[in-house]
Amino acid sequence: MSAPLDPVYKTDALIAEDIDKYLDVHQHKTMLRFITCGSVDDGKSTLIGRLLYDSKMIFEDQLAALEADSKKVGTQGQELDFALLVDGLAAEREQGITIDVAYRFFATEKRKFIVADTPGHEQYTRNMVTGASTADLAVILVDARKGVLTQTRRHSYLAHLIGIRNIVLAVNKMDLVGYNREVFEKIVADYRAFASSIGITDFVALPISGFKGDNITTLSPNTPWHAGPTLMEHLETVEIDAAHDAAKPFRMAVQWVNRPNLDFRGFAGLISTGTVKPGDAIRVLPSGKTSTVSRIVTLDGDLKEAVAGQSVTLCLADEIDCSRGDVIAAAEAPVQAADQFEAVIVWMDEQPMLPGRPYWLKLGTQTVSATVTEPKYQVNVNNMDHLAAKTLELNAIGSCNIATDRRIPFEPYGENRELGGFILIDKMTNATVGAGMIHFALRRSDNVHWQATDISREHHAALKNQKPAVVWLTGLSGAGKSTIANLVEKKLARMNRHTFLLDGDNVRHGLNKDLGFTAADRVENIRRVGEVAKLMTDAGLIVITAFISPFRAERDMVRGMMQPGEFFEVFIDTPLAEAERRDVKGLYKKARAGQLKNFTGIDSPYEAPAAPELRVDTTAMDAEEAAEAIVRMLVP
Amino acid sequence: MSLTHLQRLEAESIHIMREVVAEAERPVMLYSVGKDSAVMLHLAKKAFFPSPPPFPLLHVDTTWKFRAMYELRDQAAREAGMDLLVHQNPDALEKSINPFDHGPLHTDMWKTEGLKQALDKWGFDAAFGGARRDEEKSRAKERVFSFRSANHRWDPKNQRPELWHLYNARKNKGESMRVFPISNWTELDIWQYIHLEGIRIVPLYFAAPRPTVERDGLILMVDDDRFPLRPGEEPQMRSVRFRTLGCYPLTGAVESTADTLPQVIQEMLLTTTSERQGRAIDKDAGGAGMEKKKQEGYF
């Protein structure tokens, strides 16, 4: 074994001599979270392994296992392969790459460190953004032999995007370029030119070798031209964001209301910025109600003051409405509340973003329904160019407008990560599909006011002597929707009801002729039909629609648009085999032959309704009976 | 005022526990009586004070824990004002599954199967666990909110991204969450916090003379008369303590005279073997042992 194995960093002088003193020192450490970003071969895992090793976080049995592993699968010949310490999952060990976010821990006398190890592959933007979201600092690794690469630019852009203020440019593998100062300085100059172009005004550049240990914990004799600091020195002394956050106005998102009995009502939450003291005037958002803090309650007794980063329970002097999702803020500097935003979104799911489809949006402690518009542009993360885009695919980043179904308290991400960052959750799969950062609220919602009309929807309905409704027929192509819809309308007309039939094929000839059959276009198709149907119910009509409408999320979206009790989802249930056998329009044949793409039931899914108002089994009843059942539901 | 690392870790753990209580329908805290469980219980008391923690404790029992653990378990739950639920896998009980005769089957039936049975039996949709990312390589990549399918499986390739302090706790019926509030704590953090907060832990963590035998490289404590002695084996009194606690026949002791917390911490810091080495469980399936167990539903 020829790797340099002398641990150079002493953390344990006091352990043997005076354990109580040691514990006292270590109880007063601060904590720094950082990420390391680099390409597959930049030596990232090796560097982290080195930090663990030098701060004595590796035990003898792990070292023995490491030696054995190094010989078996290591990439460093007979030397210790530190990368094996941090590459966790079995599959990764075989592939020799890191493929997810892993968190590592080490500590010195001054600080505890949490390192997010994030991969450098292009398809894993998601992972880097995840790892960076909680980091105070980013170490951008560059291979001294290769200089600033596309990946370097991408990682720097992402770190900056996610709001990391402290950037370290670690020029690694200096041993392989003979510790050449010119090489180092050329890379730093290249990086500076790029960094300032994307708004990174300050960074610290260090010449290192993770493998040999140069300038990691001690200044290297191989780089006498580098005056310092070492990587470890810098990590130990750089200002952490928590200190920065304490100086901002007070904000706390309410997580949970604590009510053990009638005499106690406390609001539990994590303080995101600022400080709070009993007697402080506060304002609850979005309601705008004000009060003062009466107590800061903890198990260890009431506090005189609490600061950003602490989890506390606040009691207020007045009985005001306040619940999970609300934000308690300094009264003189409250946060804003809005329902339309411009935001940067990072898409994290295999299924592309669908503009118009409602997703759950979680920001702070509130979860609301939200829709996203088509991106204004997508960012090419390799050169920061803006590209036109209809949607965002996995790992794409773009600027979009977002509309929530109610006003939510927030702050721009640049001012407050906790109240400006959000995730998007698919309503069907519950997967976290995107992450976003709010730039600002759109004033459009304030400027477009509803025109109050004198003839109300109730008046329209009363004139027609009927209750408006939307009868939404959904089912496979060829299930019989149009036939049944037509019969329903005829029956209602005979009963002197005012109706209108919106048929899928007909609408696509006009209103929606610009739309195709991709998942995104299908969503927009249904959204427009929903809006039209809604206007018609305002006019007092009974609207019958016949659309395949294959996705549950869009049917639920339309349901959400209507007045309660006015939406009737009718599942025209015909098995695929039966619909295909009928094939009245010859479409299944074309789809099977591959001439028709994205055909529901063949190469595009149909999500059956979970709880429709009515299910019509067309194998058990004919169209006439089905229409009769629907009419009976509407006019009992 | 700058928060210390322990204050920040505490605040993060409390925040996680409150998120679960706010979003889950039926949370439960897995309680194994070890030092990590002791810290979890303490954090839960802090998170919900002055209310008692609004969920029960669940002990998935193997019937083979140290006697001292059973004593502390019942006392700790009572003092916290929480319900204690104990589940013993009836199949394992019937077949008298034990660590001496059944090897890996012991862990599989009592713990992995027992846990699934217990979660299903009471319909818990979120279970707090005390796992830490520094314990083992596959844990380092697990999320704080770890999603499990309806049959309790973990899919390491398909984990939800976790950003900022935003945890996605949404799931469909039958699916569940395992939640790890002390993910970011290290072994040293745990010990320091126990020291700082004066948290009570099982006396087995402190050195004392105990009856032991040496077997297959491990020092095992003869905690009761179910321990089958091999020919020639004679329990000897040794001054030992335990760095981690599990089933007594599977948990190796270390020879030690450390009988105060600072001394235990001192030994931990000066020691040269990692925490889980005293446990036989990780070595069962080669290097990827724990990862495989976790996919199958082990905590």
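The values are calculated or read from the model by the stated rules, or taken from the named source; none is laboratory data. This one's a predicted model, so the numbers in the text were calculated from it and none came from an experiment. FYI the Cβ positions are ideal-geometry reconstructions off the backbone, even for glycines, and counts take in every protein chain you see. Surface areas here come from the heavy atoms of the whole protein model, side chains and all, with no ligands, DNA or RNA. Shrake-Rupley method; radii C 1.70, N 1.55, O 1.52, S 1.80 Å.
Of note:
- Check on A:Pro375, crowded, with 23+ Cβ neighbours inside 10 Å and under 19 Å from the mean Cα position of the chain (by Cα): yes
- Any hit, the range B:141-148, residues being modelled with pLDDT under 90, within 17 Å of B:Pro27 (Cα to Cα), open to solvent by less than 10 Å² (accessible area, probe 1.4 Å) and within 14 Å of another protein chain (Cβ to nearest Cβ): yes
- Residue within the range B:240-248 that is in contact (Cβ under 8 Å) with a residue 40 or more places away in the chain and over 30 Å from A:Tyr22 (Cβ atoms) present: yes
- Restricting B:Phe124, B:Phe100 to residues that are hydrophobic (A, V, I, L, M, F, W, C), more than 8 Å from chain A (Cβ to nearest Cβ) and assigned to a loop (DSSP other than H, G, I, E, B) narrows the list to B:Phe124.
- When B:Ser96 is tested against (1) in contact with a helix residue (DSSP H, G or I) (Cβ under 6 Å, 6 or more places away or on another chain); (2) small (Gly, Ala, Ser); (3) at pLDDT below 95, just one condition goes unmet, and that condition is (1).
Residue by residue, here is whether (1) touching a Ser or Thr at 6+ places or on another chain (Cβ under 6 Å); (2) at pLDDT 90 or above; (3) crowded, with 24+ Cβ neighbours inside 10 Å; (4) within 29 Å of A:Ala553 (Cβ to Cβ) holds:
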site: A:Leu424; (1), (2), (3), (4): no, yes, yes, yes
site: A:Gly436; (1), (2), (3), (4): no, yes, yes, yes
site: A:Phe440; (1), (2), (3), (4): no, no, no, yes
site: A:Trp450; (1), (2), (3), (4): no, no, no, yes
site: A:His459; (1), (2), (3), (4): no, no, no, no
site: A:Arg508; (1), (2), (3), (4): no, no, no, yes
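- Any chance A:Thr518 is in contact (Cβ under 8 Å) with a residue 40 or more places away in the chain, open to solvent by 20 Å² or more (accessible area, probe 1.4 Å) and under 33 Å from the mean Cα position of the chain (by Cα): yes
- Residues in the range B:72-86 include at least one that is more than 21 Å from B:Arg178 (Cβ to Cβ), touching a strand residue (DSSP E or B) at 6+ places or on another chain (Cβ under 9 Å), modelled with pLDDT of 90 or more and of a type in the set (D, E, K, R).
- Selection from the range A:293-323 of residues that are assigned to a loop (DSSP other than H, G, I, E, B) and within 28 Å of the chain's Cα centre (by Cα): A:Ala308, A:Gly309, A:Gln310, A:Cys322, A:Ser323
- In the set (1) crowded, with 21+ Cβ neighbours inside 10 Å; (2) more than 22 Å from B:Tyr193 (Cα to Cα), the condition left unmet by B:Ser32 is number (2).
- Residue check, B:Ser13 touching a Pro at 6+ places or on another chain (Cβ under 6 Å) and either assigned to a helix (DSSP H, G or I) or open to solvent by less than 10 Å² (accessible area, probe 1.4 Å) (or both): yes
- One residue stands out in the range B:169-206 among those that are open to solvent by less than 10 Å² (accessible area, probe 1.4 Å) and assigned to a loop (DSSP other than H, G, I, E, B): the one that is nearest to the other protein chains (Cβ to nearest Cβ), namely B:Asn184.
- The residues of the range A:98-144 that are among the polar types (S, T, N, Q), modelled with pLDDT of 85 or more and open to solvent by 10 Å² or more (accessible area, probe 1.4 Å) amount to a single one, A:Thr134.
- The test for being assigned by TED's automatic domain parsing to the domain that holds A:Val471, in contact with a His (Cβ under 7 Å, 6 or more places away or on another chain), crowded, with 19+ Cβ neighbours inside 10 Å and touching a residue at least 40 places away in the same chain (Cβ under 8 Å) does not hold for A:Gly504.
Per-residue answers, yes or no, for (1) assigned to a loop (DSSP other than H, G, I, E, B); (2) assigned by TED's automatic domain parsing to the domain that holds A:Val488; (3) under 35 Å from the mean Cα position of the chain (by Cα); (4) closer than 22 Å to A:Gly510 by Cβ:
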{"site": "A:Gly540", "(1), (2), (3), (4)": "yes, yes, no, no"}
{"site": "A:Ile544", "(1), (2), (3), (4)": "no, yes, no, yes"}
{"site": "A:Ile548", "(1), (2), (3), (4)": "yes, yes, yes, yes"}
{"site": "A:Gln563", "(1), (2), (3), (4)": "yes, yes, yes, no"}
{"site": "A:Ala579", "(1), (2), (3), (4)": "no, yes, no, no"}
{"site": "A:Ala591", "(1), (2), (3), (4)": "no, yes, no, no"}
{"site": "A:Asn598", "(1), (2), (3), (4)": "yes, yes, yes, yes"}
{"site": "A:Ile602", "(1), (2), (3), (4)": "yes, yes, yes, no"}
{"site": "A:Pro612", "(1), (2), (3), (4)": "yes, yes, yes, no"}
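- Restricting the range B:64-97 to residues that are open to solvent by 30 Å² or more (accessible area, probe 1.4 Å) and part of a loop (DSSP other than H, G, I, E, B), the residue that is farthest from the other protein chains (Cβ to nearest Cβ): B:Ser96
- Take the conditions (1) at pLDDT 90 or above; (2) part of a helix (DSSP H, G or I); (3) touching a Pro at 6+ places or on another chain (Cβ under 6 Å); B:Pro249 misses just one of them, which is (1).
- Members of the range A:293-323 that are within 14 Å of another protein chain (Cβ to nearest Cβ) and among the hydroxyl-bearing types (Ser, Thr, Tyr): A:Thr298, A:Ser311, A:Thr313, A:Ser323
- Qualifying residue in the range A:322-332 (condition: out of contact with any strand residue (DSSP E or B) (no Cβ under 6 Å at 6 or more places or on another chain) and under 15 Å from A:Phe250 (Cβ atoms)): yes
- Unmet criterion (only one of (1) away from chain A (no Cβ under 14 Å); (2) surrounded by fewer than 21 Cβ atoms within 10 Å (Cβ to Cβ); (3) assigned to a loop (DSSP other than H, G, I, E, B)) for B:Pro209: (3)
- Pairs are defined by a Cβ separation below 7 Å, a sequence spacing of at least 6 or placement on different chains, a first member in the range B:1-22 that is more than 7 Å from every other protein chain (Cβ to nearest Cβ), and a second member that is charged (D, E, K, R) and open to solvent by less than 20 Å² (accessible area, probe 1.4 Å); the pairs so defined are B:Leu9/B:Asp189.
- Hits in the range A:614-632 (condition: assigned to a helix (DSSP H, G or I) and either exposed (fewer than 14 other Cβ atoms within 10 Å of the Cβ) or of a type in the set (D, E, K, R) (or both)): A:Glu624, A:Glu625, A:Glu628, A:Arg632
- In the range A:221-239, residue nearest to the other protein chains (Cβ to nearest Cβ) [restricted to those that are outside any helix (DSSP H, G or I) and open to solvent by less than 10 Å² (accessible area, probe 1.4 Å)]: A:Thr230
- Residues in the range A:258-292 that are among the hydrophobic types (A, V, I, L, M, F, W, C), facing chain B (nearest Cβ under 9 Å) and assigned to a strand (DSSP E or B): A:Ala268, A:Leu270, A:Ile271.
- Scanning the range B:35-63 for residues that are outside any helix (DSSP H, G or I) and within 14 Å of another protein chain (Cβ to nearest Cβ) yields a total of 7.
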